[in-house]
Amino acid sequence: MSDHRYFIVTDEAGAGRALELLDAAFEDDGYPVATMETDEENGIWEASIYVAGDPEPDFREQVRLCLIPLFPDAKVEIEEFGDVDWIARSLEGLKPVRAGRFLVHGAHDRGAVRVHDLAIELEAGQAFGTGHHGTTAGCLEMIDSVMRSAPGGPAGAGPVLDLGAGSGVLAIAAAMLGPVRVLATDIDPVATRVAEANVRHNRVSAQIDCRTATGFHSTAFGDAGPFRLIIANILARPLMRMAPDIRRHMAPGGSVILSGILESQRWQVLAAFNGQGLRHVRTLWRNGWVTLHLK
C-alpha cells in the first residue's frame, strides 16, 4: 500500500488560496494539506493534500472540482510514495529564516546563528510551523514587537496562549523573549508531541505547557488564563468562529496576534474581532498573507 500526494503548481499567493479551498473541502476527512516552495528563484510553489494508503478512484477528480472556483485550468498532479516521512522530506534543505530578532534553523545550520540572535532550532516533525511560511514569519516578527512594547517589557506580556501551536515555534519564541508562562495547544496529538520535543530541545520546558485541546473546551485555558497575549496562526474561518472565545479568555488590556489570513480575508477577520470590542493596532503584510495585532 502506498501513500499519495495530490498537488498543483502555482505561486505563493495561489498556494495560499488553494490551501484554503482544500482545507474547507476536506477538513472533515482529516487529510493533511500543506504548501511548500519548490523553486525560490522563480517563485514556484505547490499546494498539496496527502492521503495515507490508496484513495478512492475518483479522489483526483474531487480535488480538481474543489479547486475549480479559483483554478479552472489547474492540473492536479499525483505523487505516489511508500513508507516515507513526507514532512521530513519537505523540510530537507530549507535555509535558516530570520524574522525580527529570531532565527529559525535546523541543526545543520547552527553556524548561521549570530551573537545577538534569538535562535530557535527545529527539526523535521509532523506539525506546521518552520518559519518559512509568511504566516509563521509574520507572527514571529509581531510577537517580538508586541512583547517588547508591553508594560514592563516582555515579562509583562504573560501569560501567553499559543492557539494551534503546531511545531511550537511561536510558543518557544514568546518564552525566549521573557520569563512568561505559555500555554501551547493544538487539536492534533501528533503536533502536541512535536511541540513538546521542540520545547525541550530549545530548553524552555519550564515555561511552556503543551496540551492537546479542541476549541476552548479544555480546562487548561481556565487554569492558565486569562491571557495577556493570545497568538492564533490558524485560518480565517476558524479564527472568526473563535472570536468570542478568544475575547473571553483575554486579560484586560491584553493583545491578540492573528495570522493564517489571506489579504482578501483581512476585513472579514477584523470585522469579527471588532464585533468583540477589539481594535486594530497593526497589520504586517507578507507575500499575500497578513498578520494582525489587536487590543
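Coordinate-derived values only; no laboratory data. Nothing here was measured: the structure is a model prediction, and the numbers come from that model. We place every Cβ from the backbone using ideal geometry, glycine too, and count neighbours over all the protein chains shown.
Of all the numbered requirements in (1) under 16 Å from the mean Cα position of the chain (by Cα); (2) within 28 Å of H105 (Cβ to Cβ); (3) buried (at least 17 other Cβ atoms within 10 Å of the Cβ), I208 misses one, and that requirement is (1).
A251 meets each of the listed conditions (1) out of contact with any Gly (no Cβ under 8 Å at 6 or more places or on another chain); (2) surrounded by fewer than 16 Cβ atoms within 10 Å (Cβ to Cβ); (3) assigned to a strand (DSSP E or B) apart from (1). Looking only at the range 239-282, which residues are more than 17 Å from the chain's Cα centre (by Cα) and within 18 Å of S145 (Cα to Cα)? Once the filter is applied, which keeps residues that are more than 17 Å from the chain's Cα centre (by Cα) and within 18 Å of S145 (Cα to Cα), the range 239-282 yields G253, G254, S255, R279, H280, V281, R282. For the range 149-179, enumerate the residues that are aliphatic (A, V, I, L, M) and surrounded by fewer than 22 Cβ atoms within 10 Å (Cβ to Cβ). Across the range 149-179, the qualifying residues are A150, A155, M176.
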